[in-house]
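Remarks on the structure that follows.
The values are calculated or read from the model by the stated rules, or taken from the named source; none is laboratory data. All of these numbers come straight from a predicted model, not from anything done at the bench. With ideal geometry, Cβ positions are generated from the backbone for all residues, glycine too; neighbour counts draw on all protein chains shown. Ligands, DNA and RNA are stripped out before the accessible areas are found, and what is left, the full protein with its side chains, is counted by its heavy atoms. Shrake-Rupley method; radii C 1.70, N 1.55, O 1.52, S 1.80 Å.
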Amino acid sequence: MAVSPFALHVNASANRHSVSPTFDHLTKSISPALKPIWKELQQQLPLKKIDVSNAVKKASGMVLDVLVDGLYRFVDQPYPPSQKNFAPVQEIGEAVEVACLEGELPADFPEGVFVRNGPNPQFGCLQTTVSPLGITNETWVEGEGMLHALLFKKTGDSDWSISYKNRYVESETFKLEKQRNKPAFIPAIEGDPLAISAALSLNQIRLDTGNKFLCNTSVFEHSGKLYAISENYLPHEVDSQTLETFGVWDFNGDWGRPCTSHPKKAPGSGELVIMGIDVKKPFLVVGVVSADGKELLHKVDVQLRKCVLSHEIAVSQRYNIIVDHPLSLDVSRLAKGGQLLKYDKEGMTRFGVMPRYGDANSVRWFEVETCCTLHILNTFEDGDEVVVRGCRAMTSILPGPDWGENKFDWYSRGFKLPPKKRENGNEEEGFLFHCVYEWRLNMETGEVQERNLSGTHTSMDFPFSNGNFIGLKNKFGFTQVVDSAASSSCGLAKYGGVAKLYFDEPQV
Ligand SMILES: [Fe+2]
């Protein structure tokens, strides 16, 4: 199946170390014995399907496994004290009862299950590889998807049984590494460009894909089924009670590419609007899946000219809304000593509004002030306007600092508030500040009105709203909060790191 080799969601930054990132230097540093292999690997870039028989492929895979074992040293990454909450946990097996020590469940609380997903490295630590080609690192969100479920069952009028269970999403790449009982995939997102190139090729040749199918970003429900997903691959259906992985869902059609971690249920029809980006053409495709999940009803290439790391698709009653911003992903940059992901602060940000079953020609594009918006909170139609509310930053948290800068220092400065600039105009602090922002896109006049809804003292991202009212004007929205000082032009209350936003003129 033709899918992206990249874990697109996860590039946090290049780790800083003493190895020169320049292509020439690294090429010269390869030992003569490796040069023929490297020449062959270079010929495979950008990645393409290798047309060899299965037998030859298997044999070459075994030879390359030996090569990788000899040349690559996998090193456990330590968790600094400040990162301990990212440390992985183990599967607990059978569900355990949870005691309610304080408070009680409301009488009208519904029975059901709450499921969350998150990265959880299979072998206890994120991995770094050291080889003659350089260093590559797994980033902090590259662990395998681990589902956590809280199950609520009524045992009497006001009595409840609450239990907890966790379980890995068992993708094919998860099972492959589990069977080998050691990491097999060379990290291929962050690190020395030459080493990343080699990692992508070696992974592709040996393991049939450039990167693992992480399945660690979100869960969503469609037609009564639950799916775990990350945007570098397809959804995996899982059992909501046992968390068992049933298998990959390709939307029963010719999708054959990665899928956004945040598909949207269209208001009214219940159809599922999906989107998939890839490093090769077509760079961004939008699809519509039937409400019963049995049919891929629509699939259209939006005809973008490059691969943009567009993370989320949004919907309104009649439209699909696409985010195009200056965060791009390009394999060819590796050969020039650059990184896969690049954020161009001078680049263009725009929203594409496309009728539900539209095509590339029917997309109405609205250019807005340059920014980075990965997550959308709420979109709806209001008269002639399509309104987009999302979390907006002036700089992307991805791909992280420029080469040579300490990434922990960069993140630390980036989240400091209030935003501060140096004399030369470059951001010194607070450049990762995210606010809840509104764009009003006028379909009649083509004009755009923009405004900050959450002020400049509370940084917010990872928004969510009531799943029953996607694509309609919402009264409430929720986000995670980085800073606790509240200041906003919409009502805001913070509950232990979560902000609840009250919007004007609520309809639902
Ligand atoms: Fe996300």
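If you plug each phi of the stretch 69-78 into the Karplus form 6.51 cos²θ - 1.76 cosθ + 1.60 with θ = phi - 60°, what whole-Hz ³J(HN,Hα) values come out, in order, with x for Gly and Pro?
Per-residue couplings from phi come out as 4, x, 9, 9, 10, 8, 10, 5, 7, x Hz.
How big is the dipole moment of the stretch 334-400 about its Cα centre under a simple scheme where the beta carbon of each Lys and Arg is +1, that of each Asp and Glu is -1, and everything else is neutral? Debye, nearest 20, please.
For this selection, approximately 400 debye.
Using only the heavy atoms of the protein chains and a 1.4 Å probe, how would S465, S269 rank by accessible area, largest first?
So the residues, ranked largest to smallest area, are S269, S465.
How large is the Rg to Rh ratio of the stretch 80-134 when both quantities use alpha carbon positions and Rh follows Kirkwood?
Result: Rg/Rh = 1.17.
Measuring with a 1.4 Å probe in the full set of protein chains, what accessible area per residue, in whole Å², belongs to the stretch 134-293?
30
Suppose all protein chains stay in the model; what accessible area per residue would a 1.4 Å probe give for the stretch 357-439, in Å²?
Dividing the accessible area of the stretch 357-439 by its residue count gives 44 Å².
By how many nm would the segment from E104 to Y502 grow when fully extended, if each residue of separation counts as 0.36 nm and the alpha-carbon distance is taken off?
Extra length from E104 to Y502 when fully extended: 140.7 nm.
Pull out the extension gain between D359 and Q303, defined as 0.36 nm times the separation in residues minus the alpha carbon to alpha carbon distance; nm, one decimal. Before the final figure, lay out each step's value.
On the way: separation 56, 0.36 × 56 = 20.16 nm, distance 0.93 nm.
Contour length minus Cα-Cα distance gives 19.2 nm.
Of all accessible surface on the stretch 135-201 at a 1.4 Å probe, what whole percent is carbon and sulfur?
Of all accessible area on the stretch 135-201, carbon and sulfur atoms account for 47 percent.
Can you tell me the length gained on complete extension of the stretch S269 to D384, counting 0.36 nm per residue apart and subtracting the Cα distance?
That pair, S269 and D384, stretches by 39.2 nm at full extension.
Given a 1.4 Å probe and heavy atoms of the protein chains only, how would you sort R73, R413, largest accessible area at the top?
R73, R413
Based on the Cβ-Cβ distance of F114 and A55, what FRET efficiency does E = 1/(1 + (r/R0)^6) give at R0 = 51 Å, to the nearest 0.05?
Working from the Cβ atoms, E equals 0.60.
For the stretch 106-192, what does the equivalent ellipsoid look like in terms of its semi-axes, each the square root of 5 times an eigenvalue of the Cα gyration tensor, given largest first in whole Å? Write out the running numbers ahead of the final one.
Values: eigenvalues 317, 33, 13 Å².
Working from the Cα gyration tensor, I get semi-axes of 40, 13, 8 Å.
Heavy atoms of the protein only, probe of 1.4 Å, neighbouring chains included. What is the accessible area of K280 in Å², nearest 10?
90
I need the semi-axes of the equivalent ellipsoid of the stretch 292-388: take the C-alpha gyration tensor, multiply each eigenvalue by 5, square-root it, list largest first in whole angstrom.
The answer is 27, 17, 12 Å, longest axis first.
Quick one: Cα centre-to-centre distance for the stretch 281-311 and the stretch 68-110, in angstrom?
That distance is 33 Å.
When a/c reaches 1.5 or more, the comparison of a/b and b/c decides; with that in mind, is the stretch 185-322 rounded, prolate or oblate per its Cα gyration tensor?
Oblate, since a/c reaches 1.5 and b/c is not below a/b.
So what does the Cα-only Debye profile of the stretch 304-458 read at q = 0.09, 0.13, 0.14, 0.20 Å⁻¹, as log10 I(q)/I(0), no solvent term?
-0.32, -0.66, -0.75, -1.29
How large is the dipole of the stretch 341-469 about the Cα centre if only Lys and Arg carry +1 and Asp and Glu carry -1, each at its Cβ, rounded to the nearest 20 debye?
Charge dipole of the stretch 341-469: 380 debye, to the nearest 20.
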